[in-house]
1. Bin all alpha-carbon pair distances of the stretch 84-236 at 10 Å intervals from 0 and give each bin's fraction as a whole percent.
2. Compute the distance in nm between two label points, each set 7 Å from the Cα along the Cα-to-Cβ direction, one at Arg163 and one at Ser349.
3. Can you work out the FRET efficiency for the pair Lys240 and Leu473, with r the C-beta to C-beta distance and R0 = 51 Å, to the nearest 0.05?
4. Gain in length, Thr322 to Arg118, computed as 0.36 nm per residue apart minus the alpha-carbon separation, to one decimal in nm?
5. Hey, which lysines would be in cross-link range of Lys240, C-alpha to C-alpha under 26 Å, not counting anything within fewer than 8 residues on its own chain?
6. With labels modelled as points extended 7 Å from the Cα through the Cβ direction, what inter-label distance (nm, one decimal) is found for Thr249 paired with Gln226?
7. For Ala128 and Lys399, FRET efficiency with R0 = 41 Å and r from the beta-carbon atoms, rounded to 0.05?
8. Go ahead and run the numbers for FRET between Gln37 and Phe75, Cβ-Cβ distance against an R0 of 56 Å, rounding to 0.05.
Amino acid sequence: MDSRSPGANWRWDCDRVAGLTYYGRLLPGFLGQRSTQASTNALVATIAMLAILGLVNFLGVRYAQRSDLTENQLFTLSPQTITVLQELPARTKVWIFDVAPDPRDQDLLENYQRESPRFSYEYVNPQAEPGLAERFAVRSLGEVHLEQGEEERFVQVVTPEGRLSERRLTSALDQLTNPTETKVYFLQGHGERSLQPGREAAAVAIGRMEDDNVIAEPLNLAQERQVPADAAVVVIAGAKEELLPAEVTALRNYLKRPSGLMVLSDPQTDTGLDALLQEWGVTLTDFIVFDPNGQTPGPSAGLIPVVTQYGDHPITQEFNNTISVYPIARPIAITGKPGVDVSPILITSDRTQAQSVNNDGQLEFNEGNPQGQLILGVALNRAIDTPSDSDEETDSIPKEARLVVVGNSTFMTDSWFDQYVNGDVFLNAVEWLSQQDDPSFDIRPKGMTSRRLLLRGQQVLLLAVGIVLVLPLIGFALAIGLWWKRR
């Protein structure tokens, strides 16, 4: 209860009205001051900026978009990986058993996780959680395992030198979803490339195929008499001796069914396959490819043709101007055959020559020898009849016989497989021949494109003179001209 007298209350009300009137008269002046307007504008702008930043961050988190500006898309998942992730049938988890996460691996796994809500990953310290490590039978740090329902699959071991591979991870995902195997047989018994590790062997190629669930096995047609029914591809890599007539007949019969045959033949060898290849319109010549301006290092540079031109074919369609090399190769001649589709896939530069080998074993270029662009590799296919005794749907069964011929086998050996895109040429050829729709097979390791500028001695001298002498003289002349103009 107010204890003030009525007179006091009346005076207090008058003072309040007078104060409000006074300050009410001052307010328009205060608001009209330039400093007040500037402060108000700054406050409004600050609030607006904070609101915009908050909205942008909210939209960025909810609708994340990334742009990879690197030339080879080093930080972007391949289309094949995205296809596999979008088709995951169940929740899939990657377990990485390591002490500390690696930022590069985490970036890759985050990219996987963005593409599919069914994909997740977790880093586990096996020393802190021995029970989980025992469940996956972990034996060393860096092991990567994949889990989908009750299925488990080992992926790889990551190390500081060898990080998590998109190709291996996607291949493991694809194998869990589509547990099928492709059989590739390597013909043996005629001096072909060995399947055991060695500089001149094909062990690295076999290891890469096994990463993609492709099983490589030796094949001796002198004993088997026919190509196994489960053969998706037969590879003849560097045979030095003639095949027996019965072996050639077995390969001819194999090409009458849905099949894929790869013939990698080096110069100065007779494999006994000439008649079979001529049925497809292919002839392996007796010449050796020589590049007078060979750019590869070493005394035999001219005998190592560099290929940067590729045919428009699934095997080579993504190579663009990348490099592959074929040490001591023979060119291929092509004549058209009815019903056979022919696509040159490996083409040399226009400066190469096809040289002959004389009686002394020396190379020589004779008038009439082919020169210019030569074909080192060709892909062929032809339709075949596949009679069916049942009424079942057979549209998914391939109805083609496919053949790849390359005038060289060294490019896919252990010492050359990882040089440039040599390995890609071989693996892509196997994939095309197998006629399998395996998206992980196309994934290749990405790397930085070399942009080195190689200069000859005279070019280096001209560049040095230009930088040390010409450019300073030009600058000095411009300075004198400007001074003279203002004078």
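1. Going from the shortest bin to the longest, the percentages are 10, 32, 28, 19, 10, 1.
2. The answer from the label model is 3.4 nm.
3. Approximately 0.20, to the nearest 0.05.
4. 69.8 nm
5. Correct list for Lys240: Lys183, Lys256.
6. Those two pseudo-labels are separated by 1.3 nm.
7. That pair, Lys399 with Ala128, gives E of 0.15.
8. On the way: r = 48 Å, r/R0 = 0.86.
With a Förster radius of 56 Å, E is 0.70.
Read the figures in this text as sums done on the coordinates, not as results from a lab. Since the model is a prediction, treat every value here as computed from it, not as a measurement. Cβ: placed from backbone, ideal geometry, glycine included. Neighbour counts: every protein chain shown.
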